[in-house]
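The values are calculated or read from the model by the stated rules, or taken from the named source; none is laboratory data. Note that this is a predicted model, so its numbers are computed, not measured. Reconstructed Cβ throughout: ideal geometry from the backbone, glycine too, with neighbour counts over all protein chains shown.
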Amino acid sequence: MDQKFEPKIIGFLCNWCSYAGADLAGSSKMEVKPSLSVIRVMCSSRINSNLVLASLLWGADGVLVAGCHPGDCHYEQGNYYARRRFALLKKVTEILNLEPDRLQLSWISASEGKRYSEVVNKFTEDIAKAGPNPIAQNPKL
Amino acid sequence: MNGQIGVYVCECGPNIKDRIDIDKVLEDISSLENVKVAKRFPLLCSNDGKKFLEEEIAKEELTHLVVAACSPREHEQTFMTVCKQAGLNPYLFQLINIREQCAWMIPDKEQATAKAIQYIRAGIQRVAFHRPLEPKEIDSIPDVCVIGGGISGLETSLSLAGKDRRVYLVEKTDSLGGMAGKLSKLLPYQGSELSSVEAKIKQAQDNANIEIFTSSEVSDVRGFLGNFDITISSHGESSEARKIQAGAVVVTTGFGLYDPGNDSQYGLGQIDNVITALEFEEMLGKDKLLLKSGKPPKSVALIHCIGRKELGYCSKVCCLYSIKFAHRIKDMSSDMDVTELYMDLCLPHKSDQAYFDEAKEKGIRFIRSGEDVLVKNKGTQIEVEYDRDGQKDSITVDMVVLAPAMVPSEGTTALAEMLNIPLDKTGFFKEIHEILDPISTPIEGVYIAGCAVGPRNIPESIVQSQAASGKILSSLIPGKKIKPEVKVSEIREDFCTGCQTCLSICFYGAISYDPIKDVSVVNEVICRGCGSCVGSCPSGAIRSKHFTYPQLYREVLEALR
Amino acid sequence: MEESNVLVVGAGVSGMKASLMLAEAGVHVDLIEKDSLIGGQTIKFEEVYPNMECATCMVSPIQQDVLQNGNIDVHLLSEIEHVAGKAGQFKIKIHKKARYVSLVNCIGCGACYEPCPVSVDNTFEEGLCQQKAIAVACAGALPNVPAIDPEHCLRLNGKDKTCKACQEACMFDAIDYTEKDETLDIEAGSILVATGFDLFDVNKLPQYGYGKFPNVYSAMEFERLYAQNGPTQGELTLRKEKDLKAIGIIHCVGRKEMGYCSAVCCMYSAKFAHFLKHKVPEAKIFEFYTDLCIPGKSHQKFYEATREKGVDFIACEDVRVDSQKDNLQILYTDGNGKESTVDADMVILSPAMIPGKDTEQLSKILGIDCDQRGFFNSQNEQLAPVATKKEGIFVIGCAEGPKDIPDSIAQAEASVGITLSQSR
């Protein structure tokens, strides 16, 4: 097959830190691979497990959840809940026979434009290497 | 969906125009079923742009507006205002970021165009599920309950009380003034005598808008910002309970002192003439500096940092008041030998060091003695042994004054539970944000000020009290309604199983449990809209009003197409 | 008397917090700032102690709120020229320098920077990098609109009156060379002075070797090296390239000269050590101090945790810096009077907080006093710390004296409390 695999990645970004960091990456004109689509939420703790699993079942080759660094959450504790939920999700991916590295949790602050671009580009590369998501199904709502 | 969505793509000068093929975007978007119109415009955030959008909303009879331009962090408010002015509910709007997170990140024009189309389509799918949201207005009571009648409580009460705002000042002991009232003198370079505390007490007592409850405590608190129901119980035989209503609560319960009697190394209670700072204040107040024998001492040692190691924090004021003691002793009798033993000299205010330098000039000795100080009997005198960088040394004195650490006042834990506010690891009340918001707690309407929050001196407590008053004066205005956050959470009773997971998750205490219906209920007045409860509900019963599951699912689904 | 307008001088955290609180109460605020951006000194830090919170994440929502608040008018490049009147009816003249770039038309695309032929030291970045004569102070500056430096711009300083490189690059008609300085007349019931601080000039203390030895840095320079949005994007690129095996941080620089402790340096120096231990884990870190001033509730725990990481805290006197071949040497006298030396590859100096350089002049214009150290004087340091001898004029934050961010914000909120309380 000649066609290069272009992964589809969903990125859930919290409004206060990681979304701001992404904006900074953009205004600093840093190149970020377009495979990741950003979904903005107010806090990483809003992301419940179903949302992540649905994304994977509907064809996301990778899911990135990004929030404020521990201690910096705009709502004080939200990112701690995200962290714990994420640890559980990683276990669930095993049950689904999905490579756990298709799920990533990253802490990105509002001043970390460069880090945002590095995280997303590396994740995109890694997912491209991992290939298409083996558990993707026909999405139906 | 019978919507009529208008999509407007901003050229943003060369920023979007040069990097994205806007015509191709419009071609694609116009083909979508629920899109009524798709147009481009040079600069939508300009006055011309805003006017254009307002006209378009009316002309095209749009039910939803989508703008593809810069980041929502930049201009979401701008375009929401445009919607409002055009008579469109501002929450039936979505701003798609095709500048910072698209045009500026993707150098290849074709790729950037494809990405922009993807984002706009996803945003259109999302906005179709937006619901109109109306801001609420809540009545509030401007009155305030201040818990603790020391200098902080007095300052807060005096600052707040007015003809349209009553203050209920509740004091546990039988008199006002707190710890400051027990001091004989304040630090001299800080400007004044204790008469200032007495003056404040009198002012509070004479103020018709302050109702004072002494020998009383708050025994019950219910409600929320603007609407607290508080029960004040008085001690004593005829213990009556009085119910009051207040819009805010300020906790100014002050501090206690560490009991050095716990540590045998200091000899308190075992060795004669070893006393605490508070006992020394009393002596100074009577102008009688005497030993147990009735004679005046010839030498005094002041030991700082008592309890510091055990408690794990510096109490900030002890170095200064120990220096104050030393000055007073020298003023009473200049040939008295005075030595201060300390771990670190904490002199953080601009005039502190000069006061310390003056003390040295008076012949007061300062020894960095480390944390291992041992107080022993030596005949009729006292020997103070200390370890200094591995070398043992000692001094012999007639009297030892211990400067104990400040600790949370008695009843702090119970009060915290009653108000549902947290304590930090030191046991003092915890600020909602140690740096940006040192007076507020996670429970809206409940503020903390003074030493109840942690060790600080009188000027700092006064500043904090005025700050708490500032918070209330600016947010709880008589006659003005409270306008809470709009994008809050709400619980669908049919799905709620009453597991109460959300109660423990909510940092702001915005969720309560209704035992009759066996469901949880969100208080929309104090909900901050973070969505933590939404994400953790096992039944999916909680909906975030502006980040609902259908909205997010549609956005994701479209992005994956 | 309803408080109708307040003038806030200085748009650092204190000024911004006070402005937002007043705006919430329905009071109109004129917030003036002498620089071309808002945020003050806090936005120069990457992290703040004791929880190592990201300063930008913390402050940028406040900056955004200030810029978008309908009750707050922000005037940048502005300073007070004259004050007349009294509490309730101050009449203030503000001198507003020309920005030469329209805050309305400019959308912050940055197309004008590259074509500018002039490069100057970037003062925000402590001279660690250069910027053009038309520039924003740093990545993420708010408002995201550049200003032209008329001293260095070739057209504006007359060296090349034909240059219009920036204007030609601008697609939004945002650049106007004909803009003039202007005078604003503002009426206000109260004035809140939140002009912040400066740092002791370490050049004045030759014993520390600043300026003489390239790898001796002042604290603010180090903050910018440390910052992700700084000139080296958080990398420790030294002036003279060297493997970082040992780093010395010297507290109390200028303390003796100024006669007071600056309250924040012990903690931020520990913050530096905390960061360095993470960034260069193999390096030895030494801290040289006179007294540890760590009075906050959680400060001591932070200090102990830093020490446990292997940072050497040395109580000493007479610290000076010398160099031996390629190494820096820190010489000091310990608690027992013994002289010792430590080798280092980099030295960071923590200087005293001093009054801002315009404090004296501003105090005369306002008709308030300065204390003997040069900070604005309170009416009563004990009972009325934010009031001044002139009714209606308050001084808050580090303009009043060295203090950390929470204490500055408490003072800001207190001044609003008094203002609102008195105006009922």
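Among the numbered conditions (1) at negative phi; (2) modelled with pLDDT under 95, the only one that B:G269 does not meet is (1). Scanning segment C:113-124 for residues that are closer than 28 Å to C:M220 by Cβ, more than 12 Å from every other protein chain (Cβ to nearest Cβ) and part of a loop (DSSP other than H, G, I, E, B) returns C:C116, C:V118, C:N122, C:T123, C:F124. A residue that is of a type in the set (V, I, T), under 29 Å from B:G454 (Cα atoms) and either assigned to a helix (DSSP H, G or I) or away from chain B (no Cβ under 13 Å) (or both) can be found somewhere in segment C:303-312. Regarding segment A:88-99, can at least one residue be identified that is buried (at least 24 other Cβ atoms within 10 Å of the Cβ) and either assigned to a helix (DSSP H, G or I) or in contact with a strand residue (DSSP E or B) (Cβ under 9 Å, 6 or more places away or on another chain) (or both)? Scanning segment A:88-99, I find no residue that is buried (at least 24 other Cβ atoms within 10 Å of the Cβ) and either assigned to a helix (DSSP H, G or I) or in contact with a strand residue (DSSP E or B) (Cβ under 9 Å, 6 or more places away or on another chain) (or both), so the answer is no.
Residues of segment B:386-441 that are among the aliphatic types (A, V, I, L, M), touching a Lys or Arg at 6+ places or on another chain (Cβ under 9 Å), under 26 Å from A:Y75 (Cα atoms) and not in a strand (DSSP E or B): B:A416, B:I421, B:L436, B:I439.
Somewhere in segment B:258-265, is a residue out of contact with any His (no Cβ under 9 Å at 6 or more places or on another chain), in a loop (DSSP other than H, G, I, E, B), in contact (Cβ under 8 Å) with a residue 12 or more places away in the chain and among the aromatic types (F, W, Y)? Taking every residue of segment B:258-265 in turn, at least one turns out to be out of contact with any His (no Cβ under 9 Å at 6 or more places or on another chain), in a loop (DSSP other than H, G, I, E, B), in contact (Cβ under 8 Å) with a residue 12 or more places away in the chain and among the aromatic types (F, W, Y). Can you pull out every residue in segment B:109-161 that is among the basic types (K, R), under 30 Å from B:Y549 (Cβ atoms) and part of a helix (DSSP H, G or I)? Correct list: B:K115, B:R121, B:R126. Here is the figure for segment A:100-124: residues that are in a helix (DSSP H, G or I) and either of a type in the set (F, W, Y) or without any contact (Cβ under 8 Å) to a residue 60 or more places away in the chain (or both) total 8.
Residues checked against (1) under 20 Å from B:A112 (Cα atoms); (2) over 13 Å from the mean Cα position of the chain (by Cα):
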| position | (1), (2) |
| --- | --- |
| A:S27 | yes, yes |
| A:I39 | yes, no |
| A:H69 | no, yes |
| A:I95 | no, yes |
| A:I108 | no, no |
| A:S111 | no, yes |
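Screening B:C530, B:C506 for residues that are farther than 30 Å from A:A60 by Cα, within 14 Å of chain A (Cβ to nearest Cβ), in contact with a Ser or Thr (Cβ under 8 Å, 6 or more places away or on another chain) and crowded, with 21+ Cβ neighbours inside 10 Å leaves exactly one candidate, B:C506. With respect to the conditions (1) within 14 Å of another protein chain (Cβ to nearest Cβ); (2) surrounded by fewer than 20 Cβ atoms within 10 Å (Cβ to Cβ), B:L473 lacks only one, and its number is (2).
The criterion of at least 2 residues that are within 14 Å of chain B (Cβ to nearest Cβ) and surrounded by fewer than 21 Cβ atoms within 10 Å (Cβ to Cβ) is met, among helices (runs of 4 or more DSSP H) falling completely within segment C:210-283, by C:255-258.
The rows are residues; the columns are (1) of a type outside the set (A, V, I, L, M, F, W, C); (2) assigned by TED's automatic domain parsing to the domain that holds C:G211.
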position: C:V311; (1), (2): no, yes
position: C:Q324; (1), (2): yes, yes
position: C:L331; (1), (2): no, yes
position: C:N336; (1), (2): yes, yes
position: C:V342; (1), (2): no, yes
position: C:L362; (1), (2): no, no
position: C:I365; (1), (2): no, no
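Screening segment B:1-81 for helices (runs of 4 or more DSSP H) wholly inside it with 2 or more residues that are of a type in the set (D, E, K, R) returns the ranges B:22-30, B:47-59. Among the numbered conditions (1) within 14 Å of chain B (Cβ to nearest Cβ); (2) outside any helix (DSSP H, G or I), the only one that A:L53 does not meet is (2).
Of the residues B:S409, B:S461, only one is more than 7 Å from every other protein chain (Cβ to nearest Cβ), over 30 Å from B:G529 (Cβ atoms) and crowded, with 23+ Cβ neighbours inside 10 Å; which? When all the criteria are applied, what remains is B:S461. Of all the residues in segment B:323-340, those that are more than 14 Å from chain C (Cβ to nearest Cβ) and either among the aromatic types (F, W, Y) or within 23 Å of C:G335 (Cβ to Cβ) (or both) number 5. Looking at the structure I just gave you, is C:G88 touching a Gly at 6+ places or on another chain (Cβ under 6 Å) and crowded, with 19+ Cβ neighbours inside 10 Å? Answer is no for this residue.
Scanning segment C:197-232 for residues that are without any contact (Cβ under 8 Å) to a residue 60 or more places away in the chain and under 15 Å from C:L276 (Cα atoms) turns up nothing. Might you let me know whether segment A:59-66 holds any residue that is surrounded by fewer than 21 Cβ atoms within 10 Å (Cβ to Cβ), within 12 Å of chain B (Cβ to nearest Cβ), part of a loop (DSSP other than H, G, I, E, B) and touching a Ser or Thr at 6+ places or on another chain (Cβ under 9 Å)? No, that holds for no residue.
Just for segment C:333-385: of the residues that are charged (D, E, K, R) and in a strand (DSSP E or B), which one is farthest from the other protein chains (Cβ to nearest Cβ)? By that ranking, first place goes to C:D343. Kindly indicate whether B:A86 is on the phi < 0 side of the Ramachandran plot, within 14 Å of chain A (Cβ to nearest Cβ) and of a type in the set (G, A, S). No, not satisfied. Number of residues in segment B:525-550 that are closer than 16 Å to A:C14 by Cα and in contact (Cβ under 8 Å) with a residue 60 or more places away in the chain: the value is 3. If you check A:S117 against the conditions, is it more than 27 Å from C:N51 (Cα to Cα), facing another protein chain (nearest Cβ under 8 Å), surrounded by 16 or more Cβ atoms within 10 Å (Cβ to Cβ) and among the hydroxyl-bearing types (S, T, Y)? Considered against the rule, which asks whether it is more than 27 Å from C:N51 (Cα to Cα), facing another protein chain (nearest Cβ under 8 Å), surrounded by 16 or more Cβ atoms within 10 Å (Cβ to Cβ) and among the hydroxyl-bearing types (S, T, Y), A:S117 comes out as no. Can you find a residue that is part of a strand (DSSP E or B), under 18 Å from the mean Cα position of the chain (by Cα) and hydroxyl-bearing (S, T, Y) anywhere in segment C:72-92? Yes, the conditions are met somewhere in segment C:72-92. Among the residues of segment C:22-49, those that are outside any loop (DSSP other than H, G, I, E, B) and in contact with an Asp or Glu (Cβ under 6 Å, 6 or more places away or on another chain) comprise C:D30, C:K44. Within segment B:275-286, residues that are under 17 Å from B:K330 (Cα atoms) sit with their Cβ atoms under 9 Å from residues that are in a helix (DSSP H, G or I) and among the small types (G, A, S), at 6+ positions apart or across chains, in these pairs: B:A277/B:S322.
Considering segment B:95-113, and only residues there that are at the interface with chain A (Cβ under 7 Å from one of its Cβ atoms) and farther than 19 Å from B:T78 by Cβ, the residue that is farthest from the chain's Cα centre (by Cα) turns out to be B:Q111.
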